[in-house]
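What follows is a single structure, and I will ask about it in a moment.
The values are calculated or read from the model by the stated rules, or taken from the named source; none is laboratory data. Source: prediction; values computed, not measured. Positions of Cβ are generated from backbone atoms using ideal geometry, with glycine treated the same way; all protein chains shown enter the neighbour counts.
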Amino acid sequence: MNKRTDRDIIYTISARGKRGEKPVMDFLAENFSTIPLDQIDSLFGFVERCTLYGGRPFVGRQLSDADVQALYQHSIGVRIPMTNLFISEDEYQEYGWLFEKYHRVGNSMIVKEDTLARWIRRDYPDYKLEASMIKEIDTYEKIAAALDIYDTVVLPMHLNTRYDFLDKISEKARVMLFANAGCAYNCPARICYRTISLMNKLDPTSDRMIENSIFRCSKMTRPRKELGMIDFDLEKLSAIGFKRFKLLRERPEGVTAF
C-alpha cells in the first residue's frame with residue numbers, strides 16, 4: 001500500500017508473517033515505509049505461545065521481547081489477537097502470566113468471545129479491548145451492543161464500500177476499518193477461523209499441526225474468484241469520518257495477506 005493519506009489517520013499494522021528474529025523497526029522500514037511512525041498506533045501479532053490465539057495458526061513468535069521494547073520506545077503499542085473461538089476460564093487463568101506481562105496503557109487485546117473480553121476488563125483494565133472482525137458486526141444494532149463491551153470494533157471488510165451504511169454510524173471514532181483486504185473480503189463462509197482455533201490448541205511442532213490435517217477452507221466446497229489484495233479508498237472513508245485502519249501485509253503470491 002503506497003498511497004499516503006491524511007495525517008489524522010491512525011494505523012494498526014499486521015506483524016503476521018514476520019520472523020521473530022528480524023528487528024521490528026527493520027520490518028516496518030522494509031514493508032511499511034510510506035507510513036510515518038507517528039501514525040502507527042500499534043502492531044498486531046503473536047507474542048509468546050498461547051492457546052487463546054485465533055485468526056492465523058501459531059507457528060512461532062512474531063514479536064520478540066526486543067521488538068516489544070522497541071515499539072514502546074516509539075510510543076507504539078502491541079495488539080494481541082486473543083480471537084480463539086473456544087475458551088474456558090481455566091485456560092484463561094493458565095495464561096495470566098502473559099496477560100500480566102503485556103498489561104499496560106497503549107496495549108490492546110483483539111477478542112472474539114464476549115466472555116473473555118469481560119474477564120480481561122475485570123482483571124486487566126489498562127488494556128484496550130477490540131471486537132474482532134470475526135464477530136461479523138454488520139448492523140447498527142450489533143455495533144451498539146459491541147461498544148457496550150469493547151473500546152473499539154472492527155467491521156467486516158465487505159462493508160468498506162457501503163458508504164451510505166458507514167456514514168450513518170454515530171461513533172465513528174470507535175470503529176476500525178480495514179485499509180486493505182485479502183481472501184476474507186469475498187469469503188462466503190470463513191470456516192477457517194474454527195479450524196485455526198482448534199489448531200492453536202495443539203503444539204505447533206506436532207505432526208498434526210505441521211500437516212494442517214484439521215485445516216478447512218471454504219474454497220474446498222464453495223469455490224470463489226481469487227481477487228487478490230484490494231486497497232480501499234481511505235481518502236473517501238476518512239472524509240466521512242473514519243480515522244482508524246488496520247493495514248495488512250500482502251503475501252508474496254499476492255492472493256491474500258499475512
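Please enumerate the residues belonging to the range 122-149 that are surrounded by fewer than 17 Cβ atoms within 10 Å (Cβ to Cβ), within 19 Å of Ile87 (Cα to Cα) and without any contact (Cβ under 8 Å) to a residue 24 or more places away in the chain.
Answer for the range 122-149, where residues must be surrounded by fewer than 17 Cβ atoms within 10 Å (Cβ to Cβ), within 19 Å of Ile87 (Cα to Cα) and without any contact (Cβ under 8 Å) to a residue 24 or more places away in the chain: Arg122, Glu136.
Kindly evaluate Ala117 against the criterion of being over 24 Å from Ser238 (Cα atoms), buried (at least 16 other Cβ atoms within 10 Å of the Cβ) and among the aliphatic types (A, V, I, L, M).
Against the criterion (over 24 Å from Ser238 (Cα atoms), buried (at least 16 other Cβ atoms within 10 Å of the Cβ) and among the aliphatic types (A, V, I, L, M)), Ala117 qualifies.
Among residues belonging to the range 1-29 that are farther than 20 Å from Ile80 by Cβ and at pLDDT 95 or above, point out the one that is nearest to the chain's Cα centre (by Cα).
Ile9
Can we say Arg104 is under 22 Å from Gly77 (Cβ atoms) and of a type in the set (D, E, K, R)?
In short, yes.
Thr195 passes all but one of (1) in a helix (DSSP H, G or I); (2) in contact (Cβ under 8 Å) with a residue 40 or more places away in the chain; (3) hydroxyl-bearing (Ser, Thr, Tyr); which number fails?
The single condition Thr195 does not satisfy is (2).
Shifting gears a bit: Right, Ala144: small (Gly, Ala, Ser), within 22 Å of Gly55 (Cβ to Cβ) and in contact with a Ser or Thr (Cβ under 9 Å, 6 or more places away or on another chain) or not?
no
Among the numbered criteria (1) surrounded by 15 or more Cβ atoms within 10 Å (Cβ to Cβ); (2) more than 29 Å from Val105 (Cα to Cα), which one does Asn186 miss?
All conditions are met except number (1).
Please enumerate the residues belonging to the range 219-258 that are within 25 Å of Asp38 (Cβ to Cβ), assigned to a strand (DSSP E or B) and modelled with pLDDT of 75 or more.
Asp231, Arg244, Phe245, Lys246, Leu247, Glu250
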